[in-house]
1. In a Debye calculation with equal point scatterers on the alpha-carbon sites of the range 58-146 and no solvent, what is log10 I(q)/I(0) at q = 0.14, 0.22 Å⁻¹?
2. For Leu63, list long-range residues whose amide hydrogen, built 1.01 Å from N in the peptide plane, is under 5 Å from its own amide hydrogen.
3. To the nearest 0.05, how large is the calculated FRET efficiency for Asp268 and Trp191 if R₀ is 30 Å and r is the Cβ-Cβ distance?
4. Apply 1/(1 + (r/R0)^6) to the Cβ-Cβ distance of Ala18 and Glu138, taking R0 = 51 Å, and write down the FRET efficiency to the nearest 0.05.
5. Quote the FRET efficiency, to the nearest 0.05, computed for Arg165 versus Glu201 with a Förster distance R0 of 30 Å and r equal to the Cβ-Cβ distance.
6. Any idea what angle helix 147-156 forms with the longest principal axis of the chain, computed on alpha-carbon atoms, 0 to 90 degrees, nearest 10?
7. Extending each Cα 7 Å along its Cβ direction at Ala38 and Gln9, get the distance between those two points in nm, one decimal.
8. Only bridges with both residues in the chain count here: give the DSSP antiparallel percent, nearest 5.
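Read-outs throughout are calculated quantities, based only on the coordinates presented, and are distinct from any laboratory measurement. It should be emphasised that the depicted structure is a prediction, and the values quoted were computed from it without experimental measurement. Backbone-built Cβ (ideal geometry, glycine too); neighbour counts: all protein chains shown.
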Amino acid sequence: MRPRALHRQFTSQAELDAQYDTSRATPDAARQLERFQAESERARSELDCRLDVPYGPTRPERLDYFPAGSEAPLLVFIHGGYWRARSARDFSFVARGPVRAGVSVAVVEYALCPQVSVSEIVRQCRAAVAWLHRRGHEQINVTGHSAGGHLVGMLLATDWEADWREVPGDVIRSACTISGLFDLAPFPYTWLQPALQLTWEEVVRLSPLYHLPDRAGPLLVSYGGRETAELRRQSEDFLAVWRARGLDGELLVQPEADHYSGIRGLSDPDSPLCRALLRQVATAASSRSAGRRC
């Protein structure tokens, strides 16, 4: 008799861990993360930056800001680490490509599980967007990697006008997810649950796959061709339901990229990923300008 499935076709934690333990699934993950840190240190030394800017009352509610000019559109980047690891400072390198192309970048820091819940992390990311808007950034675009892609999905699901005073419903002009996580149902069965402590109420409430906006700017979904089947599925399923709702969504598969190398394109304005993202930001900016003239 076949064992009862835990999630989809998976019948054991070992099967799910093989899909979602990205460090084990990527042979040189540790080396790539070390390279991220070295490139981020170099980016901070070469780019104009304002570090540890507070956007909320708690110590983790900080962001690193890389300006590209007073009239530049803004790209908000949210890092990954399965909501339990990494920091904004590890990902300063993502500012290099957009800033060179005239787009300012804010890399958001947030508290980590298990010190806080995933729900609190979502609140902090929303607070960062609201704070940036109140500081005069009308053209806000968001992108995130891995768990950061999940947090971007939750930003898109936010009812800004109802829940965040003085923040318009269209505060986010465009979005990009890189190797994002949109269905939290697998995670209570994985090695991550002791840190995440997800309840089933949170799984439903915090899965962007089930919470789509009625209206939204363009969405770019990207993942690496060398990622696990489940990670590819997460992005494909989200894009499918996004498009089914009549929303604008584009897919960019990076055939030779794995879960970590798929983000490296943000450091190069001429990479396919950065070109696609910058094209989206420019389209969002021109649409807003056209709206102002009407």
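1. The Cα Debye sum returns log10 ratios of -0.46, -1.06.
2. When sequence neighbours closer than 5 places are left aside, the close amide H contacts are Asp52, Val53, Tyr55, Glu109.
3. Working: r = 33 Å, r/R0 = 1.10.
My answer for the efficiency is 0.35.
4. In this case the efficiency is close to 0.70.
5. 0.70
6. It is inclined by approximately 60 degrees.
7. About 4.0 nm, to one decimal.
8. Antiparallel bridges: around 25 percent, rounded to the nearest 5.
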